[in-house]
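*Asks:* Here you go, one structure.
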Amino acid sequence: MLIAVSSAQVTQENAEAMMADLAKRHQGWNSKLNSPGTSIKLTEMRKSDPHLIYYELTASGFPLGLKYTIVTWPANQLKAKDGMTGVTLDASGVAICAGTPGTCEGSTPNSPISLQFSPVKSEPIRLVLVSDDERHLRAFLNFAPIPNRAVEKDCSLEEVMLAPNASLIALQGAGYEPNADTQFKSESEGEHHDGQLKTDSEGKFFFALGQGVKGKEKGMTKVNVASHGCSLSLTIPWGKDSYQYE
């Protein structure tokens, strides 16, 4: 298996460790890392052709008068990239460019920052707001605006793209029987893999899956995760046709 992530090549020798590291860091990019009492949210403001979405960021629990940095971690990068600096917050917590010395500049003074993303199906938006002072107050956000998700009763199964061309994905389950073994089945272009996934005390699981079949440029993976009371299936494209907009 050969996975291309940004400009780096993940070879057969280090693919397993690289995949495990990516999956672990994605799973850990969540609100549990937030500074006490802080949170952030994105509000969709508008869309433009072909698939661009504009968001405003609103922060809660952060003090006014500080400068902040917005750092993003795109799905086609191994790690988070350099962020937007000189960000401040208005009285309602909206991230703005004040246009004063040491702060970012917008179209007008104190203009809200417009964050632009063009996500495909199952591609996550991952970002963090960090204060520039010695406390480094922070809040994380991680979600897929266009989810590939199946729901049945109280159960859900979602696929998240972790690497280009869906060569690495995560399967996230919720609402399954707590502390139970779920039956996992997958089929991709004639290759079959079966096994078990263990849920936690809340009936959730997280599982990383590498995709690809030797000799093929693209394909579809069909997965099913079943336990007592829940049986959910997803179809997941991989390879050169894996980027699907809605």
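The values are calculated or read from the model by the stated rules, or taken from the named source; none is laboratory data. Model, not experiment: these values are computed from the prediction. All Cβ positions, even for glycine, are placed from backbone atoms using ideal geometry, and neighbour counts span all protein chains on display.
*Asks:* Can you find even one residue in segment 83-104 that is within 30 Å of Leu171 (Cα to Cα), in contact with a Lys or Arg (Cβ under 8 Å, 6 or more places away or on another chain), surrounded by 14 or more Cβ atoms within 10 Å (Cβ to Cβ) and outside the structural domain of Met161 (by TED's automatic domain parsing)?
*Replies:* Residues of segment 83-104 that are within 30 Å of Leu171 (Cα to Cα), as a first pass: 83.
Within this subset, residues satisfying the condition of being in contact with a Lys or Arg (Cβ under 8 Å, 6 or more places away or on another chain) are none.
Checked against the condition, which is being within 30 Å of Leu171 (Cα to Cα), in contact with a Lys or Arg (Cβ under 8 Å, 6 or more places away or on another chain), surrounded by 14 or more Cβ atoms within 10 Å (Cβ to Cβ) and outside the structural domain of Met161 (by TED's automatic domain parsing), segment 83-104 yields no hits at all.
*Asks:* What number of residues within segment 44-77 are among the polar types (S, T, N, Q), over 16 Å from Arg138 (Cβ atoms) and crowded, with 16+ Cβ neighbours inside 10 Å?
*Replies:* Selection size over segment 44-77: 1.
*Asks:* Test of understanding: among Lys222, Lys121, Lys198, Lys185, which residue is touching a strand residue (DSSP E or B) at 6+ places or on another chain (Cβ under 7 Å), free of Cβ contacts under 8 Å to residues at least 24 places away in the same chain and either crowded, with 20+ Cβ neighbours inside 10 Å or over 28 Å from Ser60 (Cα atoms) (or both)?
*Replies:* Result of the check over Lys222, Lys121, Lys198, Lys185: Lys198.
*Asks:* Those residues that are under 25 Å from Ala166 (Cα atoms) and surrounded by fewer than 17 Cβ atoms within 10 Å (Cβ to Cβ), I need them from segment 16-43; list them, please.
*Replies:* Correct list: Glu16, Ala17, Ala20, Asp21, Lys24, Arg25, Gln27, Gly28, Asn30, Ser31.
*Asks:* On to the next question. Is it true that some residue in segment 112-122 is in contact with a Cys (Cβ under 7 Å, 6 or more places away or on another chain) and under 30 Å from Ile96 (Cα atoms)?
*Replies:* For segment 112-122, residues in contact with a Cys (Cβ under 7 Å, 6 or more places away or on another chain) and under 30 Å from Ile96 (Cα atoms): present.
*Asks:* Which condition does Leu64 not pass, out of (1) farther than 20 Å from Gly86 by Cβ; (2) free of Cβ contacts under 8 Å to residues at least 40 places away in the same chain; (3) out of contact with any Asp or Glu (no Cβ under 7 Å at 6 or more places or on another chain), if it passes all the others?
*Replies:* Condition not satisfied by Leu64: (1).
*Asks:* Do you know which of the residues in segment 67-100 that are in a strand (DSSP E or B) and touching a Phe, Trp or Tyr at 6+ places or on another chain (Cβ under 8 Å) is farthest from Pro112 (Cα to Cα)?
*Replies:* The qualifying residue farthest from Pro112 (Cα to Cα) is Tyr68.
*Asks:* Inside segment 48-61, can you point out the residues that are touching a Phe, Trp or Tyr at 6+ places or on another chain (Cβ under 9 Å) and either of a type outside the set (A, V, I, L, M, F, W, C) or outside any strand (DSSP E or B) (or both)? Reasoning before the result, please.
*Replies:* Taking segment 48-61 and keeping what is touching a Phe, Trp or Tyr at 6+ places or on another chain (Cβ under 9 Å), we get 48, 50-55, 59.
Result: Ser48, Pro50, His51, Tyr54, Tyr55.
*Asks:* Go through segment 160-170 and count every residue that is in contact with a Leu (Cβ under 6 Å, 6 or more places away or on another chain) and surrounded by fewer than 22 Cβ atoms within 10 Å (Cβ to Cβ).
*Replies:* Qualifying residue count, segment 160-170: 1.
*Asks:* Could you tell me which residue of segment 114-128 is farthest from the chain's Cα centre (by Cα), considering only residues that are part of a strand (DSSP E or B) and of a type outside the set (A, V, I, L, M)? Full working, then the answer.
*Replies:* If we filter segment 114-128 for residues that are part of a strand (DSSP E or B), which is where we start, we get 115-117, 125-128.
Pick out the ones that are also of a type outside the set (A, V, I, L, M) and you get 116-117, 126.
Working: Gln116: 15, Phe117: 12, Arg126: 5 Å.
Per the stated criteria, the residue is Gln116.
*Asks:* Further, regarding this structure: For Leu64, indicate whether it is in a loop (DSSP other than H, G, I, E, B) and either touching a Leu at 6+ places or on another chain (Cβ under 7 Å) or under 14 Å from Leu127 (Cβ atoms) (or both).
*Replies:* So Leu64 passes the test.
*Asks:* Just give me the residues in segment 23-40 being part of a loop (DSSP other than H, G, I, E, B) and without any contact (Cβ under 8 Å) to a residue 60 or more places away in the chain, in sequence order.
*Replies:* Residues satisfying the conditions are Pro36, Gly37.
*Asks:* Follow-up. Conditions first: (1) under 18 Å from Tyr245 (Cα atoms); (2) free of Cβ contacts under 8 Å to residues at least 24 places away in the same chain. Ala166 passes all but one, so which condition is the exception?
*Replies:* With (1) under 18 Å from Tyr245 (Cα atoms); (2) free of Cβ contacts under 8 Å to residues at least 24 places away in the same chain applied to Ala166, the lone miss is (2).
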